[in-house]
Amino acid sequence: MSDSVSAELSGFDGAGDILQAWRQGMAPEPLLLVSEWADRHRKLGSRGSAEPGDWRTSRTPYLKDIMDALSPAHPARRIVFMKGAQVGGTECGNNWIGYVIHHAPGPMMAVQPTTELAKRFSDQRIDTLIEETPVLKERVAPARSRDSGNRQLSKEFLGGVLVMTGANSAVGLRSMSARWLFLDEIDAYPGDVEEEGDPVALVEARARTFGWRRKAFLVSTPKIAGMSRIEREYEATDQRRFFLPCPHCGTMQALKFERLRWEKGDPRTVHYECEACDGHIGEQHKTAMLDAGEWRATAVAEDPYAIGFHLSALYSPVGWYSWEQAARDWDAAQGNDRELKTFKNTVLGETWQETGDAPDWQRLYDRRETWTPGTVPAGCLLLTAGVDVQRDRLEVSVWGWGRDRQSWLADHRILPGNPFEAQLWDDLRAMLGETWEHESRHRLPLSLAAIDSGDGMTTAEVYLFVRGTGGRAIAIKGQDGLRAAVGLPSPTEVKRGGLRLGGLKVWPVGSSFLKGETYGWLKLERPTEESGDPFPAGFIHLPMHAAGEEYCRQITAEQLVARAGRNGFRKLEWVKTRERNEALDCRLYARAAAVALGVESWTDDRWEKLADALSLPPPETSPTPPHASSSVGTRPRGWIAPRGGWLR
């Protein structure tokens, strides 16, 4: 303001107040760090937080340096955060978004693995962030206002815009230039988005025009070694780890799961053992240790403007994820590769090493068990079938399922014939109508059959057969990228001779997922008779009468190998080590049928009811051949049918 204007204002009453207000309005905002902004402005509501109220960085001291590195004044341009669950990583990114909207406006892009997840992120995280934080609510108009600029995947504010998109959308990734980039859960991004390249590279290309003023925040729980983006990004940084002082000797150390100690079978005795003095550190010391902790670089970064942070769930504040719970989860995961992988990824924040080694067929052959052909042991409470379609035959495996995911091979048959002729499907229909004698003398029917429809030549034939079974069979199709046993079924039209014969649902099956699960279970050791130990969870029982040498070779006929992929990433692929692998495929399909029935969510009580029903005396009936196509099974009293009318 010029001296003449100041002098002129000074002649009016209240001119001093006006002058002071004008000077305050023209003064620049105080230089805040992201953590300071969060402590000053961020509010947490009961809808989205277990601890509603003011945000307190002191609750998670390890997040302070990460958030502050996201501040414009910090020299870092790429901040990498490889983490476990339950450490507050997502809220760290949300605080940065709030800071940008309020204090450093500019174009910002937040990327989730898929567009659907981006919509959920917007609805559950960003809308809540804005609604519960008053300074943000003032700057983003309500979505109900006309032309407010507040849409599901974009939030406009004075001086900037937040755009949210999925890494599976090439259009969304190149929709705008952005100064600020928040890339969340990057290990779940596709390797190549719509044949346009790596999504991370596509996103970062949108920030190049901002030069040294840009920032990218890459966050993820890691997945598989050699394929993990977050691991590769972290290893290119200075690899910082959070060091805590021992309450006994003061030695600074990064927490390692290997130094958690507890008495076998009693996680309540868990404690941390200092690497210097071997002193016992209880969880009650954790709060003080976190307050005194500090980040230390453990490597020299390839890029001086890239910094990286690694944090496991062992650092979770008291009241979130405890060391006792970590010990319980570790004990529960033993013998199950899938659960061990989850533990390593989500608790330790480390990658899982996929060995891909097929079990030794000879070991499986030697460990086979003996029970009467045409029968199933007492632990088997449910039967499903997997059907593999070949050009000159059908191969069918019948598998029994019980508690703790244990399974028993009840039968494996080859039905010769032409899949384009009705006779072969009549033979299959007859087999699916058979029953198998339980050790209790009850007879078990098949609850569900899963038939592979992935062969384009015979797909219509499979669809027509499934359509005529009245729900006793489902059509499935392998989907390697599916990270689950089965996905949601999708409606499919059945066409024959130009006529539409009505639709059915095709179930996607995670082939790679199921192969890894099956091989993990096949590698489990059979307990010795002398030990008296129970069979481990997931154990696969193979009988001598149905699993010969050829069968054991077929069920171990694939290997997981790493091959060079696009954009410098390795790609893991299952490849056959021998020509015949039908036994493995049939096993996977039968397992998919069991999962489609919902057995993964069955409680102990439901399994107990099935076992109780089989413990009752069988009904008085005339003897029935175990594999007569005309046989009709009798449902034991109290039997629970997962699919109405199919368990008889």
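Taken together, the values in this text are just the output of simple stated rules run on the coordinates, not laboratory data. As the structure is a prediction and not an experimental result, all values here were calculated from the model. Note: ideal-geometry Cβ built from the backbone for every residue, glycine included; neighbour counts use all protein chains shown.
Structure notes:
- Compared with the alpha-carbon gap, the fully stretched path from residue 420 to residue 259 is longer by 51.8 nm at 0.36 nm per residue.
- Those Cys residues of the chain for which no other cysteine Cβ falls under 4.7 Å: 92, 380, 552, 586
- Sorted largest first, the principal axis extents computed over the alpha-carbon atoms of segment 42-117 equal 33, 32, 27 Å.
- Selection among 246, 162, 176 by position relative to the dipole of segment 156-276 gives 246 as farthest towards the positive end (Cβ unit charges, Cα centre).
- Answer label, with Rg/Rh (Cα atoms, Kirkwood Rh) calculated from the coordinates and candidates [x] 1.31; [y] 1.06; [z] 0.95: [y]
- Vicinal HN-Hα couplings computed from phi for segment 155-165 (Karplus, 6.51 cos²θ - 1.76 cosθ + 1.60; Hz; Gly/Pro x): 10, 8, 8, 4, x, x, 8, 9, 10, 10, 8
- Distance cut-off 23 Å, percentage of C-alpha pairs in segment 341-478 lying past it: 48
- Dipole orientation for segment 361-615: of the candidates 543, 412, 476, 476 has the Cα lying most toward the positive pole (charges on Cβ; Lys, Arg +1; Asp, Glu -1).
- With bins 10 Å wide beginning at 0, the percent of Cα pairs of segment 361-615 falling in each bin runs 7, 30, 36, 21, 6, 1, 0.
- Crossing angle, helix 15-26 versus the chain [Cα axis fit, 0-90 degrees, rounded to tens]: 40
- Cα centroid separation, segment 62-95 to segment 152-171 (Å): 20
- The angle between the Cα long axis of helix 511-522 and the longest principal axis of the Cα atoms of the chain comes to about 70 degrees, rounded to the nearest 10.
- Percentage relative contact order, the chain, counting C-alpha pairs under 8 Å, at least six apart: 12
- Using C-alpha pairs under 8 Å with a sequence gap of at least 6, the mean separation divided by the residue count of segment 285-384 gives a relative contact order of 20 percent.
- Which of 186, 34, 224, positive extreme of dipole for the chain (C-beta unit charges): 186
- Working note: 222 nm ellipticity from helices only, DSSP H runs with n ≥ 4, each -39,500 (n - 2.57), summed and divided by the residues of the chain, gives -8000 deg cm²/dmol to the nearest 500.
- The magnitude of the dipole of the chain, with charges of +1 and -1 set on the Cβ of Lys/Arg and Asp/Glu and taken from the Cα centre, is near 1340 debye.
- Over 19 Å (Cα to Cα) - which of 43/215; 223/344; 477/515 fall in this group: 43/215
- Nearest-0.05 FRET efficiency for residue 372 and residue 526, computed from C-beta distance (R0 25 Å): 0.80
- Segment residue 505-residue 68, length gained on full extension (0.36 nm per residue, minus Cα span): 152.3 nm
- Cβ-based exposure ranking for 383, 32, in which fewest neighbours within 10 Å come first: 32, 383
- Where trypsin sites (Lys or Arg not before Pro) fall in DSSP loop in segment 180-270, at most 16 other Cβ within 10 Å: 256, 264
- Only Lys, Arg, Asp and Glu carry charge here, each on its Cβ (+1 for the first two, -1 for the last two); on that basis segment 361-615 has a dipole of about 1000 debye about its Cα centre.
- Ranked packing of 179-191, 525-537, most packed first, by mean Cβ within 10 Å: 179-191, 525-537
- Spin-label pair residue 334/residue 533, simplified geometry with 7 Å Cα→Cβ offset, distance in nm: 0.8
- Spin-label pair residue 360/residue 40, simplified geometry with 7 Å Cα→Cβ offset, distance in nm: 6.7
- Taking the DSSP beta bridges with both ends in the chain, the antiparallel portion is around 55 percent.
- Cα pair distances exceeding 17 angstrom across segment 383-451, given as percent: 43
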